[in-house]
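Data block below; observations after.
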Amino acid sequence: MSETEKRALACEVRAEMEEGQPARIIGHGAVFNKRSEMIMGMFKEEIAPGAFDDVLGDDVRALFNHDANFVLGRTRSSTLALSIDAEGLRYEITPPDTQTVRDLVLAPLSRGDITGSSFAFRVAQDGDEWREDEDGLIVRTITRFSRLLDVSPVTYPAYPDAGAAARSLEARCSEIKGLAQRAINQRRARERFLEIIGA
């Protein structure tokens, strides 16, 4: 079963086209310290600064809508550049100069029809922390990735509901939900015990 996950954001991604220069697509695949919407109705997620430190040297692809048949760039060929800034994981793509890319990607980006960005990743072992916040929500903080597979401008910035990644995450969520509830129950039991003994 695949451990690959994808996240999509409704954040700025834009096309820059200057006379006599190759077109560029610029955006953020991920942002730091901002909570996601509910994922699978079970938890929210945030990414800690430093989480990408081990994967910036990976051979990453830039895809359109995570479609491996629609490659826009690649770090190995220097048509995709990744960097970290104060906001998060920034990418800059120099896409192929083809009519297909101009029609299906650059024109909709320029018009503002496509505004989302996404990235596909694997979390490192012990690279995430789960907790319950003050509102009773389960929050996953990713502190370290083991692999960055792709960054993508996307038409629909939403978590995918189907596929191996969703099934893998769903199984992990069930396990985490049980662990989180046990931890909460244990904490309440300890607090009650300390109340009883007057400590």
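Read-outs throughout are calculated quantities, based only on the coordinates presented, and are distinct from any laboratory measurement. Treat the numbers as computed from the prediction; the structure is a model and nothing was measured. As a convention, Cβ positions derive from the backbone with ideal geometry for all residues, glycine included, and neighbour counts pool all protein chains shown.
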- Message: Given points 7 Å out from each Cα along the Cα-Cβ axis, report the residue 68 to residue 113 separation in nanometres with one decimal.
- Response: 2.8 nm
- Query: Ranked by Cβ crowding within 10 angstrom, fewest neighbours first, how are 137, 89, 194 ordered?
  - Reply: 194, 137, 89
- Item | Burial ordering of 91, 156, fewest other beta-carbon atoms within 10 Å first | 156, 91
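Counting other Cβ atoms within 10 Å, which trypsin sites (Lys or Arg not before Pro) in the stretch 21-110 have at most 16 and lie in a DSSP loop?
Working: sites: 24, 34, 35, 44, 61, 74, 76, 90, 102; in loops: 34, 35, 76.
Passing sites in the stretch 21-110 are 34, 35, 76.
Give, in nm to one decimal, the length gained when the segment between residue 125 and residue 35 is fully stretched (0.36 nm per residue of separation minus the Cα-Cα distance). It would help to have the intermediate numbers written out before the result.
On the way: separation 90, 0.36 × 90 = 32.40 nm, distance 2.13 nm.
Extra length from residue 125 to residue 35 when fully extended: 30.3 nm.
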- Message: Is there a quick way to get the dipole size of the stretch 9-100? I mean about its Cα centre, with the Cβ of Lys and Arg at +1 and of Asp and Glu at -1; what is the value in debye to the nearest 20?
- Response: 180 debye
- Message: Quick check: pseudo-label points 7 Å beyond the Cα along Cα→Cβ at residue 146 and residue 104, how many nm apart are they?
- Response: 3.3 nm
